[in-house]
Amino acid sequence: MSCSLIVTNKPNLPNIKMKLDRAFYLRPTLEVAGDLVGKYLVYSTPSGIISARLVEVEAYIGENDPACHAAVGKTPRNEIMYGPGGFSYIYFIYGMYHCLNVVTEQEGFPAAVLIRGAEPEEGLALMRRNFDKPAGNRLTNGPGKLCRAFGLNRDENGLDLTGSKLYLEDRGYKPVKIERSRRIGIKKGLGKKWRFYEPSPFISVKLK
DNA sequence: TTAATGATCCGCT
DNA sequence: GCGGATCATTAAG
């Protein structure tokens, strides 16, 4: 018999749940990105609550960031990034995956934080059901997998994250350590260390 | 290392 | 409109 236990960071939480408000998202993107590590992504579905603690995010900031979708200017696809912070930006990529971003900064300045990895907290059974194919123990280590496990697609693009359907919450968890690296899966903008992560089995990739 | 798989965007007609 | 390049991924080989 094989052991399927995954050892993760063990949150010892005080009993608080505080939804992140608009002001949290309207700040500079790098600040928001760093502060998002350790926060909880919560999705309220008809079947129940799905939640996970964020361990890996990346910042994409403005039209001058060559890796940011806004580098080509405003299009129907990326226009949500041009709005005020605190909304979801979900796009379809590689013909089969979705990626979830959190829009940041004031209206008019296009920026967002990509959610790349998280440790499941509630609704693991729902995640497995959503995944809908043989899957291992890690359903939320990677932006495409995370969206699949949560059941997020373009129908959830543009949601107000200060609402009650999809939101982020401070549950009092303090990351043990936050590290920074270059961003993953891009060819331009590699000079910026705009990836933030807390060491965890649910990090998408480990760089050499 | 590479195939899978399709929306998006650009540069043309 | 149409063709082709691109793509913030993933799992299999």
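The values are calculated or read from the model by the stated rules, or taken from the named source; none is laboratory data. Fair warning: this is a prediction, and the values are worked out from it, not measured in the lab. Using ideal geometry, Cβ is built from the backbone for each residue, glycine included, and neighbour counts are taken over all protein chains shown. Note: areas computed on protein heavy atoms with side chains; ligands, DNA, RNA excluded. Shrake-Rupley method; radii C 1.70, N 1.55, O 1.52, S 1.80 Å.
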Next item on the list: As a check on your grasp of the helix formula, calculate [θ] at 222 nm for chain A: sum -39500 (n - 2.57) over DSSP H runs of n ≥ 4, divide by the residue count, round to the nearest 500.
Entry: -3500 deg cm²/dmol
Check: Hey, rough spin-label estimate for A:Thr45 and A:Ser164, points 7 angstrom out along Cα→Cβ, what's it come to in nanometres?
Finding: 2.0 nm
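Once you list every other residue whose beta carbon is under 12 Å from the beta carbon of A:Leu30, what net charge do they have if Lys and Arg are +1 and Asp and Glu are -1? If you can, show how the numbers build up before the last one.
Working: positive: A:Arg27, A:Arg180, A:Lys192, A:Lys193, A:Arg195; negative: A:Glu31, A:Asp35, A:Glu58, A:Asp65, A:Glu105.
Overall, the nearby charge balance is 0.
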Item checked: Two-decimal log10 I(q)/I(0) for chain A, as the Debye equation yields it once each C-alpha is a single scatterer, q = 0.10 Å⁻¹ -> -0.39
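So if R0 is 35 Å, what FRET efficiency would A:Leu190 and A:Met96 give, r being the distance between their Cβ atoms, rounded to the nearest 0.05? Show your work: numbers first, answer last.
On the way: r = 25 Å, r/R0 = 0.71.
So, using R0 = 35 Å, E works out to roughly 0.90.
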Item checked: Subset of A:Lys39/A:Lys74; A:Lys39/A:Lys133; A:Lys19/A:Lys39 violating a 18 Å alpha-carbon distance limit -> A:Lys39/A:Lys74; A:Lys39/A:Lys133
Notebook entry, point to check: Distance from the Cα centre of segment A:20-95 to that of segment A:113-144, in angstrom?
Noted result: 18 Å
Item checked: Proximal aspartates and glutamates to A:Lys192, defined as alpha-carbon separation beneath 20 angstrom and excluding residues fewer than eight positions away on the same chain -> A:Glu31, A:Asp35, A:Glu56, A:Glu58, A:Glu63, A:Asp65, A:Glu105, A:Glu179
Next item on the list: Among the lysines, select those whose C-alpha is under 17 Å from the C-alpha of A:Lys193, and discard any that sit fewer than 8 residues away in the same chain.
Entry: A:Lys177, A:Lys206, A:Lys208
Next item on the list: Would you mind checking which residues have amide H under 5 Å from A:Glu121's amide H? H placed 1.01 Å from N; only 5 or more apart, or other chain.
Entry: A:Ser51, A:Ala52, A:Arg53
Check: With the other protein chains left in place, how much accessible area per residue, in square angstrom, belongs to segment A:18-197 at a 1.4 angstrom probe?
Finding: 44 Å²
Next item on the list: Just the number, please: carbon plus sulfur as a percent of the accessible area of chain A, 1.4 Å probe, no ligands or DNA/RNA counted.
Entry: 52 percent
Notebook entry, point to check: GNM on chain A, C-alpha springs below 10 Å: top fluctuator among A:Tyr197, A:Tyr97, A:Tyr89?
Noted result: A:Tyr97
Next item on the list: Return the sequence-ordered ³J(HN,Hα) values of segment A:80-95 in whole Hz as given by the Karplus equation 6.51 cos²θ - 1.76 cosθ + 1.60 applied to θ = phi - 60°, using x for Gly and Pro.
Entry: 4, 5, 7, x, x, x, x, 10, 7, 10, 10, 10, 9, 9, 6, x
Check: What is the dipole size for segment A:18-197, taken about its Cα centre, with +1 at each Lys and Arg Cβ and -1 at each Asp and Glu Cβ, in debye to the nearest 20?
Finding: 700 debye
Notebook entry, point to check: How large is ³J(HN,Hα), in whole Hz, for each residue of segment A:103-115 in order, when computed from phi with the Karplus curve 6.51 cos²θ - 1.76 cosθ + 1.60 and θ = phi - 60°, using x for Gly and Pro?
Noted result: 5, 10, 6, 5, 3, x, 10, x, 7, 6, 10, 7, 8
Notebook entry, point to check: Over segment A:18-197, what is the relative contact order in whole percent, taking alpha-carbon pairs under 8 Å and six or more residues apart?
Noted result: 29 percent
Next item on the list: Starting at the first residue of segment A:138-146, write each ³J(HN,Hα) from the Karplus equation 6.51 cos²θ - 1.76 cosθ + 1.60 with θ = phi - 60°, in whole Hz, x for Gly and Pro.
Entry: 10, 9, 10, 9, x, x, x, 5, 4
Note to self: Cut-off 10 angstrom, C-alpha nodes, Gaussian network model of chain A. Which of A:Leu190, A:Leu30, A:Leu41 fluctuates the most?
What the structure shows: A:Leu190
